[in-house]
């Protein structure tokens, strides 16, 4: 039985009393070692949801549980140690003057002894493939590299969950690929839950589960494959489905019997070349 | 923006001076600056000059870098020298220029004061030439540490300095970007009367400030998310340690100070 690591119980949130409700009675959970992608267009409440997960914001109504702890002022630092977060802007989360110093920042905050720190820095930089850049200053790194350092900084603290709050939104396609590859890699090597917040549907294909947010409500919850089967509805809330899925939908409309909803080019190819075989 | 952009005037190197603890360097410079004002004989000036020149020689920093550091003060040195020549009227008249009598005392005074200036600038620029800004920040934090007792925010000050250092290149890149964007909209930064050019800076500064505040806000949130709760209970990755070389130089410098006081006139 999978154990839930993070749970929202009927969470509602608004920034000010007179401002619109950003999250409206949302209940979700994230299991241990699970990768959950949260998508939605701007203003759907997805980023607010991320900030509620590690106590950067507190719910107006309902409760947030992290690893059995109810989020409150007393345990907020313990929760932030368990839930690491990577933000959107690569520059505005780089605190140290060099890569090494930046990874050290989180460790210093948690009072990790120096010897242990050195070990962890080397280890986590290796995990994101940035070990050769240890002494580089941030302005000598690309956006993707900076985000990888941000992931390393989070990993060094050894959290049970990592949130990527639109961490790829400001990167070029190459940077995006780097980050998704890194996250996938990390997931295979460590026991860690991942929550990726994004508005790019191409990024959800690797996730175990997808939560689609719309106007402060959970609009859909299921596997990526299930999600892409609902073509028209997705477009109605302003999200565009990936080309492969679109193609599969078109084929179906033409009467071709594509059974499985393909997630990537390989799967679509497999579907196509086995179309007429009756094995 | 090229990748070799260096903050400050630090010249990387591998000399003993580069490897010294920044606290030792700051301490030596602090006392050097005081002792320079006590020197008043050829021997005492000689001892200080020897120490300063030896330090410069050991760093193996090309002289042009040092000359660059001295550039803005050359004028001041020469100006004080001439002022002394004209104003001081002690000793014998050596010669006259354009009706001015130049006294021997004036010449000695002029040389002494100029030399004092020169040594001051030389030794202080040596600190910034051989120490990274971040190492200087660490040293300041460590030296000011006792002030924590009287609630002086030492850690916060050091963090502020290091974050400023980290964001200087970022904001410089941003300035360049904004100035290009505004130039493409027709703002002219380069020509016209001073008043017009000053006015042209406004559309550059406003977006820069707005974005700097936005950055600050996001950075604060990122720091909080990474568990920053102030200086209490923090450990440090960068460690300062006095080593043999530091003690050796400190002892040598003590001898220099003693020599200066013994040879005073």
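The values are calculated or read from the model by the stated rules, or taken from the named source; none is laboratory data. No experiment lies behind these values; they were computed from the predicted model shown. Please note: Cβ atoms are built from the backbone with ideal geometry, for glycine as well, and neighbour counts cover all protein chains shown.
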For this session: Determine whether the stretch B:224-244 contains at least one residue that is at pLDDT 90 or above, assigned to a helix (DSSP H, G or I) and within 14 Å of chain A (Cβ to nearest Cβ).
Result: yes
For this session: Would you be able to say whether some residue in the stretch A:156-165 is in a helix (DSSP H, G or I) and closer than 21 Å to residue B:223 by Cα?
Result: yes
Problem set entry | Residue in the stretch A:123-132 that is out of contact with any strand residue (DSSP E or B) (no Cβ under 9 Å at 6 or more places or on another chain), surrounded by fewer than 23 Cβ atoms within 10 Å (Cβ to Cβ) and closer than 13 Å to residue A:165 by Cβ present | no
Exercise. For the stretch B:8-92, which helices (runs of 4 or more DSSP H) that fit wholly inside it have 2 or more residues that are surrounded by 18 or more Cβ atoms within 10 Å (Cβ to Cβ) and modelled with pLDDT under 90?
Worked result: B:63-87
Exercise. Quick one: in the stretch A:60-113, which of the residues that are over 24 Å from residue A:193 (Cα atoms), touching a helix residue (DSSP H, G or I) at 6+ places or on another chain (Cβ under 9 Å) and not in a loop (DSSP other than H, G, I, E, B) is nearest to the other protein chains (Cβ to nearest Cβ)?
Worked result: A:92
For this session: Inspect the stretch B:210-219 for any residue being in a helix (DSSP H, G or I), crowded, with 16+ Cβ neighbours inside 10 Å, in contact with a strand residue (DSSP E or B) (Cβ under 7 Å, 6 or more places away or on another chain) and facing another protein chain (nearest Cβ under 10 Å) and give the result as yes or no.
Result: no
Exercise. How many of the residues in the stretch B:224-241 are within 27 Å of residue A:164 (Cα to Cα) and over 30 Å from the mean Cα position of the chain (by Cα)?
Worked result: 6
Problem set entry | Single residue of A:204, A:195, A:183 found to be crowded, with 19+ Cβ neighbours inside 10 Å and more than 22 Å from residue A:244 (Cβ to Cβ) | A:195
For this session: Name every residue in the stretch A:1-32 that is surrounded by fewer than 17 Cβ atoms within 10 Å (Cβ to Cβ), assigned to a loop (DSSP other than H, G, I, E, B) and in contact with a strand residue (DSSP E or B) (Cβ under 6 Å, 6 or more places away or on another chain), in order of residue number.
Result: A:2, A:32
Seminar exercise, completed: Note on the stretch A:215-240: residues within 26 Å of residue A:177 (Cα to Cα) and either part of a strand (DSSP E or B) or within 18 Å of the chain's Cα centre (by Cα) (or both) are A:220, A:221, A:222, A:223, A:224, A:225, A:227, A:239
